[in-house]
Amino acid sequence: METISILPPELIRMVIAVIIIISFLFLNAIMMGYAERKIAGHVQRRPGPMEVGSHGILQMIVDGVKLVGKELLIPFNVDRTLFRVAPLLSFTPVILPLLVIPFSEKLQARDLNLGLIFIVTMGSVNVMALLVGGWGSNNKYSMFGAMRAVAQSIAYEIPILLSLLAVVLMCNTFSLKEIVAAQQNIWFVFLQPVAFLIYVVAGLAETNRNPFDLPEAESELTAGFHTEYSGMGFSLFFIGEYTNMFIVASVATVLFLGGWHGPHLPYGEYLGVVWFFLKVYLLLFLMIMVRWTYPRVRFDQLLNFAWKYLVPFSLVNLLITAVLVKL
Amino acid sequence: MKQYFSELYTGGKSLVEGLGVTMKALFSPIVTVQYPREEIDITPNYRGHIDLILDTGKNTYLCISCGMCEKSCPSDCIKVKGKKMEGEKKKSLVLFDLDFTKCSLCGTCVEVCPKDALEYSQEYNLAAFTKEAFHFDILKRLEERRI
Amino acid sequence: MLESEYQEQNRFFLNMGPQHPSTHGVLLIVLEMEGEYVLDPQPVLGFIHRMHEKMGESRPCQGFMPNTARMDYVCALPYNHGYVSLIERKAGIEVPKRAEYIRVITSELNRVASHLLWLGAYLLDLGAFTPILYGFDDREHILDILERITGSRLTYCYYRFGGVYKDVDDKFIEATRAFIKRMRKRYVIYEKLVTKNIIFIKRAENIGIVSPDMALRYGMTGPNLRGSGIAYDVRKNEPYSVYPEFDFEIPVGEQGDCLDRYMVRVQEIEQSLRIIEQALDRLPDGPVRSKVKKNIKLTPGDCNFAVEAARGELSYYLVGDGTSTPYRLKVRVPSYSNLSCLPELGRGILLPDLVSILGSFDLVIPEMDR
Ligand code: SF4
Ligand code: SF4
């Protein structure tokens, strides 16, 4: 008992939160993987995974076990350090943003007063992973993927920031908790529809999802930056991608869709998490549907779209917001 | 400038329409069949590998071991051997082998046979680990069907 | 550093294929690249060469029938059709009218199936995963119809010298009509999901423009040539079988980009359905196979026969020497000529555009290599 009392309660809270979040990460990846395959199946008029467990519900777990059990192949002539570091680099930074996201009024590991900035920063670290992985693989296809990832994220981080800034201007804070609290009466999606749309589109690009999945574009680059990865390395990228999607969707929920707000529930300060997850997974469902509907855009078109449409629109939006708020 | 906005509008509209198609498909019934659990009836006209026809009246094959099928097969995958048994007028078959690894299912052998002694089997579930598994002893398959 | 040296340093080679998702089979394209720009794409063929022509020269002419379907497995019946018609022309065999009608119906069904598969595969190249499954759904109906009469699903060996192997029945006619109705209803899905999609249009429009002059220089045929605005179709320009009896149009494109080639194929599906409809309406009664000698003697001299396969003009050239084995057999396949313009077309374009162009050519590699 003595040892525990030495530790500050804050630290214990953080440790517990990290453990919960990491286990949630894996759960999320499994759920998302399953949902993606099931939805893809039904979109294409086929049942999707059906064999392992009832309606294939255990399929992803079995796949995960298979991937973990595989040998981690390191091809000849790769940069061994970078090659091994890349999957970890894609996995680690995606844990941190979850620490500052307010799942409900009282369920938040830590309320940073610069929470939003923190999330955006961590989002950019993820690109490093793709670059390192692509560079370290010593494969031309991986290299293409890495280069595309970098250019793409530079182009898309700007509209993301600008659209988020519009919300920040309206509630004068970077703290996610306060932003949600400010949406007590009306969600920002109704006040800032343009910013919301821009954020969702740019978010698709940020998470490398179809139609912006250029870094892995399999019909062009076989598998892009993770061409050479197998086993655990691949699955870390995979988990990282899904968590990234989750983060993008939660930021959209927090900033635009009113976070934990919803019809009243008992123990609202905790059970608000139900509404939060409902909104997040609705957004994720939309992202999955988009992936299985559209072709992939070309690289220069993607950049054109970012610079010609998203950036001007978000700038104008920001300007109008600023003028209206300060009047 | 006008084109800039009209492109945005038509483009956005087309994307939403596309999403409508997949959304509708998401809630439509599936069209595939879970193969080993359910099977679709195969058409009786399906042309599998060849088989000897069993003449139910005489309870034996119709083949007269003339070797026409062997000669006309473009892939050389049939082997027929007949032998004159003592006390019998006709030759009787002692060997009828098909090397299915080479057969192209063209049907020449069936059409060329003067006695119409060959037919197509209905077997389509063919998979094995060795090449030899596809060297079918057609004569034995016939013996098995004999009553 | 000299400028040329600098350029040398920035260039590198990329081997696209033989196992690459968008070369559709074992085609290797050696790309000389600078960044993402392709400077010089050179296709390397021959990975799946099976000596089909030599096989045709080493056995009696009946023995080559199954081979024809193996050259282009996606659209096998026109390949059957070309070969039987060649031998019929050479040996002067009469074909009953009903057989010719059945040949046209089944060939056109096969063409629709091939175009549907192409549509899905092209969209897969562009990164859309769903249209191919819808295409397969429709195509499956055609395969079921054809399986009922030909006995196989892909590598048909259905036509025979002097007719077809098996007569069609009422159920076939019914199923075909039902399919035509269904297919017409499905157009709207493809239109909403693909044809009008802005991302698709941006990926196909003004990409890989083949000028009419260039198309002629490389001997392109089929939808790829018609996409460039030249209305050449063997079914119209050099009619064979009973095609002159049907009323159909030849869709052409305007400028020869990927979108035009796409539109031509989509419109061809409708034209094929029209032909099938007319043929079903007028299907004559009678035998489907005339009596043919078992041992067909190929008279000395040469003979040629061309048909329109789904990918373009397919022509068989045969020299006989009095025996039943051809002395020389040459198959002119469309995909080979269609691909040959790639080095010129693919100079200085982006890698994703190269993928788009390759997809829009509708290549079948086993057909090119034979
Ligand atoms: S079907 Fe053709 S290839 Fe097969 S055994 Fe008969 S003749 Fe030979
Ligand atoms: S052609 Fe007919 S009768 Fe002659 S050997 Fe073959 S199966 Fe027997």
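The values are calculated or read from the model by the stated rules, or taken from the named source; none is laboratory data. Just so it is clear, the structure is predicted and the values come from calculations on it, not from any experiment. In this analysis, Cβ positions are derived from the backbone assuming ideal geometry, glycine residues included, and neighbour counts consider all displayed protein chains. Side chains included, ligands, DNA and RNA excluded: accessible areas come from the protein's heavy atoms. Shrake-Rupley method; radii C 1.70, N 1.55, O 1.52, S 1.80 Å.
Measuring with a 1.4 Å probe in the full set of protein chains, what accessible area per residue, in whole Å², belongs to region B:53-108? Intermediate results must be reported in sequence, preceding the final value.
Numbers: 3290 Å² over 56 residues.
Result: 59 Å² per residue.
Annotation for region C:157-193 versus region C:343-370: alpha-carbon center distance of 30 Å.
Using heavy atoms of the protein chains and a probe of 1.4 Å, the accessible area assigned to B:Lys91 is about 100 Å².
Under the simplified labelling scheme, the C:Tyr73-C:Gln19 pair shows an inter-label distance of 1.7 nm, with each label point 7 Å from Cα along Cα→Cβ.
The lysines within cross-link reach of B:Lys24, meaning a Cα-to-Cα straight distance under 28 Å and a gap of 8 or more places when in the same chain, are A:Lys38, A:Lys279, B:Lys13, C:Lys181, C:Lys185, C:Lys192, C:Lys196, C:Lys202. Within the assembled protein chains, the solvent-accessible surface assigned to C:Met51 is about 110 Å², based on a 1.4 Å probe. Charged neighbours of B:Ser121, selected by a Cβ distance under 11 Å, balance to 0 (K, R count +1; D, E count -1).
Measuring between their Cα centroids, region B:117-138 and region B:18-72 lie 13 Å from each other. The relative contact order of region A:2-326 comes to 23 percent, based on Cα pairs under 8 Å that sit 6 or more residues apart.
Annotation: for a label point projected 7 angstrom from Cα along Cα→Cβ of C:Lys236, residues of region C:298-317 with backbone N closer than 15 Å are C:308, C:313.
Mean per-residue shielding of peptide C:190-197 is 6, counting Cβ atoms of other chains within 10 Å of each Cβ. Dipole magnitude for the protein assembly as shown: computed about the Cα centre from +1 point charges on Lys and Arg Cβ and -1 point charges on Asp and Glu Cβ, it is near 1900 debye. The distance between label points at B:Lys2 and A:Asn185 comes to 4.2 nm (points 7 Å beyond Cα on the Cα→Cβ vector). Maximal additional length on extending the A:Asp300-A:Val150 stretch stands at 52.7 nm, based on 0.36 nm per residue less the C-alpha distance. Set against the 2.2 N^0.38 Å expectation for a compact globular protein, region C:266-354 has a Cα radius of gyration ratio of 1.67. Grab the other residues whose beta carbon is less than 11 angstrom from that of C:Gly301, score K and R as +1, D and E as -1, and report the net. Here the count lands on -1. Once the convex hull of the alpha carbons of region B:4-143 is built, what does its volume come to per residue, in cubic angstrom? Convex hull volume per residue, Cα atoms: 211 Å³. Quick check: the distance between the Cα centres of region A:147-167 and region C:22-49, to the nearest angstrom? Rounded to whole Å, the Cα centres lie 34 Å apart. For B:Asn45 and C:Val188, a Förster radius of 41 Å and the Cβ-Cβ distance give a FRET efficiency of 0.75, rounded to the nearest 0.05. Peptide B:98-107 shows a mean partner chain C-beta count of 4 within 10 Å per residue C-beta. For the charge dipole of region B:50-145, defined by +1 on Lys and Arg C-beta atoms and -1 on Asp and Glu C-beta atoms about the Cα centroid, which residue among B:Phe134, B:Thr101, B:Thr60 has the Cα displaced farthest towards the positive pole? Farthest along the dipole direction, towards plus: B:Thr60. Expressed in Å, the radius of gyration and Dmax of the Cα atoms of chain C are 21.3, 81. For a paramagnetic label modelled at 7 Å from the Cα of B:Glu143 toward its Cβ, which residues of region B:95-136 fall within the zone defined by backbone nitrogen distances under 15 Å? Backbone N within reach: B:95-98, B:136.
With no solvent and one point per C-alpha, what does the Debye sum give as log10 I(q)/I(0) for chain A at q = 0.09, 0.11, 0.14, 0.15 Å⁻¹? With one equal scatterer per Cα and no solvent, log10 I(q)/I(0) is -0.50, -0.75, -1.19, -1.33. Near A:Gly224: Cβ cut-off under 14 Å, other residues only, Lys/Arg at +1 and Asp/Glu at -1. The net charge is -3.
Summed over both chains, the accessible area lost when B and A associate is about 1700 Å², using a 1.4 Å probe. Just name one of A:Pro87, A:Pro263, A:Ile119: the one whose Cα is farthest towards the positive end of the charge dipole of chain A (beta-carbon charges, Lys/Arg +1, Asp/Glu -1). The residue sitting most towards the positive pole is A:Pro263.
Solvent-accessible surface of region A:28-72, averaged per residue with a 1.4 angstrom probe and all protein chains in place: 49 square angstrom.
Computed with a 1.4 Å probe over protein heavy atoms only, the accessible surface of region C:225-358 comes to 37 Å² per residue. Solvent-accessible surface, computed for protein heavy atoms with a probe of 1.4 Å, shrinks by 50 Å² or more for the following residues of region C:143-172 when the other protein chains are added to the isolated chain: C:Glu147, C:Arg148, C:Gly151, C:Tyr165. Remark on region B:37-84: accessible area falls by at least 30 square angstrom from chain-alone to full-complex state for B:Arg37, B:Thr43, B:Asn45, B:Tyr46, B:Arg47, B:Pro74, probe 1.4 angstrom. Computed extension length for C:Thr323-C:Gln255: 19.6 nm, one decimal, from 0.36 nm per residue of separation with the Cα-Cα distance subtracted.
Placing unit charges on each Cβ (+1 for Lys and Arg, -1 for Asp and Glu) gives the protein assembly as shown a dipole about its Cα centre, and among C:Ser272, A:Phe24, C:Gln9 the Cα reaching farthest toward its positive end belongs to C:Ser272.
Dipole size of region A:2-326 about its Cα centre, with +1 on Lys/Arg Cβ and -1 on Asp/Glu Cβ: approximately 480 debye, rounded to the nearest 20.
Taking a 1.4 Å probe, which of C:Lys54, A:Lys177 shows the most accessible area, and what order do the others take after it?
Details: C:Lys54 120, A:Lys177 65 Å².
The ordering from most to least exposed comes out as C:Lys54, A:Lys177.
Ranked by the mean number of other Cβ atoms within 10 Å per residue, highest first, peptides A:162-169, A:54-61, C:349-356, C:180-187 order as C:349-356, A:162-169, A:54-61, C:180-187. Separation of the alpha carbons by more than 31 angstrom is noted, of B:Lys83/C:Lys90; B:Lys90/B:Lys140; B:Lys91/C:Lys293; C:Lys54/C:Lys293, for B:Lys83/C:Lys90. Within straight-line reach of C:Lys236, meaning a Cα separation under 14 Å, sit the following aspartates and glutamates at least 8 residues removed in sequence or on another chain: C:Glu245, C:Asp247, C:Glu249, C:Glu268, C:Glu308, C:Glu313. Counting only residues at least eight positions apart within a chain, or on another chain, the lysines with an alpha carbon under 27 Å from that of A:Lys326 are A:Lys177. What percent does the relative contact order of chain C come to when contacts are Cα pairs within less than 8 Å and at least six residues apart? Relative contact order, chain C: 26 percent. Summary of packing: across the peptides C:116-123, B:75-82, the per-residue average of other C-beta atoms within 10 Å ranks them, highest first, as C:116-123, B:75-82.
Hey, with R₀ at 51 Å, roughly what FRET efficiency would A:Thr92 and C:Arg11 work out to, going by the Cβ-Cβ distance, to 0.05?
On the way: r = 37 Å, r/R0 = 0.73.
After rounding to 0.05, the efficiency reads 0.85.
Taking a point 7 angstrom from the Cα of A:Arg80 along the C-beta vector, which residues in region A:224-263 have backbone N less than 20 Å away? Zone members listed by number: A:228-234. Taking B:Tyr124, A:Tyr199, B:Tyr4 and ordering them by how much accessible surface each has at a 1.4 Å probe, largest first, produces B:Tyr124, B:Tyr4, A:Tyr199.
Each label was represented as a point 7 Å from its Cα along the Cα-to-Cβ direction; for B:Asp116 and C:Lys294 these points are 1.7 nm apart.
What ranking of B:Thr56, A:Thr207 comes out by heavy-atom accessible area, probe 1.4 Å, highest first? Don't skip to the answer; put the middle values down first.
On the way: B:Thr56 105, A:Thr207 5 Å².
Solvent-accessible surface, decreasing: B:Thr56, A:Thr207.
For peptide C:198-209, the mean count of partner chain Cβ atoms within 10 Å of a residue's Cβ comes to 4.
For chain A, what % of the accessible area comes from carbon and sulfur atoms, probe 1.4 Å? Display every interim value, and only then the final one.
On the way: 10420 of 14270 Å².
In chain A, the share of accessible area belonging to carbon and sulfur is 73 percent.
Among the protein heavy atoms, those of B:Ile40 account for about 120 Å² of accessible surface (1.4 Å probe, every chain in place).
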